[in-house]
Amino acid sequence: MEIKKIRLGNLLLPSNVFMAPLAGYTCYPFRMLAYELGAGLCFTEMCSANALKYEDRATKRLLLTTKEEKIKAVQLLGGNPAVMEHMAKSDLLQAFDIVDINMGCPVPNVFKSGEGSALLLDWKRAAAIIRGCKKSSKIVTVKCRTGIREEDMFAAEFARMCEDAGADMITIHGRSRSMMYDGKPYYHEIAHAKAAVSIPVIANGGIFSAKDADIMMERTGADGIMLARYGLENPFVFCELTGVPLQKTALDILKEQITLTAQYYNETFTLQYIKKLASYMMKKRKGTKQYKERLHQSGSIKELQEIVETIFADKQDENLLSQI
């Protein structure tokens, strides 16, 4: 795929390969890793506007960032235009340059509450949310799906509404809400949306290799791609796509992630996050299944470091890095 910079307001994103907001994973340490490897934009985990309104401690923790994170983007989930506007303008989000509005989450309890992909059914409310968030003077982006059901998709029309309401960029997951996270993406729906608007359109969904990224760009004509689960499984894909040089192994990366996470979060969070990340990264590594139980039973950072070194201290990374 062609790597290019993307202009959003006063920001010039260094590449058009983005990392999706993923609950439980895209905390500050992982975002810093993705940026180092070549990502042009990374988002916080999905943050509930209602929870932030009541200053929920766990939700506020999702907003952790530092001056080292040069481009800061938060994803907000909410269905009430007034609450979304209030939170976008609040001091809690003062450090963030970009507010991304979640209009794509397909999870049943989110959908039933009128949030996430439920906004695909209420364009008037969706537009009001975009307009309200724009009052924060921040860059506002939208992440959505192609529609609710496979037999009724409307990505182009929804993209036009988002642009008319003031959105600066839209990311389209190439599946309907009913498809959840499975099935082949509907490339033509993203292509129709790209042709319908003048703002950048980012393609998401079903990208599990550099080849998949090429296919997504070729078939949609999108301005860029957004990686999700595969970015966790193989963070090196950012280097592979963008050409950013890297002399680190998977073990180097995980050891640095442990150190950085422990610097900003407590031990419980560090253990939970690193175990999940390591589990993703060991998926296609031969002979690692025998260590999975030991990994998840680690009760301290020292134990975690020891098992991570056992799993990842081998020659597999040399073959991977030689391809970058």
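The values are calculated or read from the model by the stated rules, or taken from the named source; none is laboratory data. On a predicted model such as this, the values are computed, not experimentally measured, just so you know. Heads up, the Cβs are rebuilt from the backbone with ideal geometry, glycines too, and the neighbour counts pull from every protein chain shown. In case anyone asks, the SASA skips ligands and DNA or RNA and just uses the protein heavy atoms, side chains included. Shrake-Rupley method; radii C 1.70, N 1.55, O 1.52, S 1.80 Å.
Of the residues that sit in the range 202-214 and are surrounded by 16 or more Cβ atoms within 10 Å (Cβ to Cβ) and out of contact with any helix residue (DSSP H, G or I) (no Cβ under 7 Å at 6 or more places or on another chain), which one is farthest from ARG145 (Cα to Cα)?
ASP212
Does at least one position in the range 184-193 carry a residue that is open to solvent by 10 Å² or more (accessible area, probe 1.4 Å) and either aromatic (Phe, Trp, Tyr) or closer than 20 Å to ALA23 by Cβ (or both)?
Yes, there is a match, as at least one residue in the range 184-193 is open to solvent by 10 Å² or more (accessible area, probe 1.4 Å) and either aromatic (Phe, Trp, Tyr) or closer than 20 Å to ALA23 by Cβ (or both).
Tell me, please, whether a residue that is more than 30 Å from ILE6 (Cβ to Cβ) and acidic (Asp, Glu) can be found in the range 254-268.
yes
Tell me which residues, restricted to the range 136-160, are surrounded by fewer than 19 Cβ atoms within 10 Å (Cβ to Cβ) and under 14 Å from ALA126 (Cα atoms).
Listed by number, the residues that qualify are GLU157, ARG160.
In the range 63-75, is there at least one residue being closer than 17 Å to MET103 by Cα, part of a loop (DSSP other than H, G, I, E, B), among the small types (Gly, Ala, Ser) and within 20 Å of the chain's Cα centre (by Cα)? Outline the logic, then answer.
Just the residues of the range 63-75 that are closer than 17 Å to MET103 by Cα, to begin with: 73-75.
Now restrict to residues that are part of a loop (DSSP other than H, G, I, E, B): none.
Checked against the condition, which is being closer than 17 Å to MET103 by Cα, part of a loop (DSSP other than H, G, I, E, B), among the small types (Gly, Ala, Ser) and within 20 Å of the chain's Cα centre (by Cα), the range 63-75 yields no hits at all.
Are there any pairs with C-beta distances below 7 angstrom linking a residue in the range 287-298 that is open to solvent by 100 Å² or more (accessible area, probe 1.4 Å) to a residue that is of a type in the set (A, V, I, L, M, F, W, C), with the two at least 6 apart or on different chains, and if so which?
ARG294/ILE307
Please specify each residue of the range 94-116 satisfying the condition of being crowded, with 23+ Cβ neighbours inside 10 Å, in contact with a helix residue (DSSP H, G or I) (Cβ under 9 Å, 6 or more places away or on another chain) and not in a loop (DSSP other than H, G, I, E, B).
Within the range 94-116, VAL99, ILE101, ASN102, MET103, GLY116 qualify.
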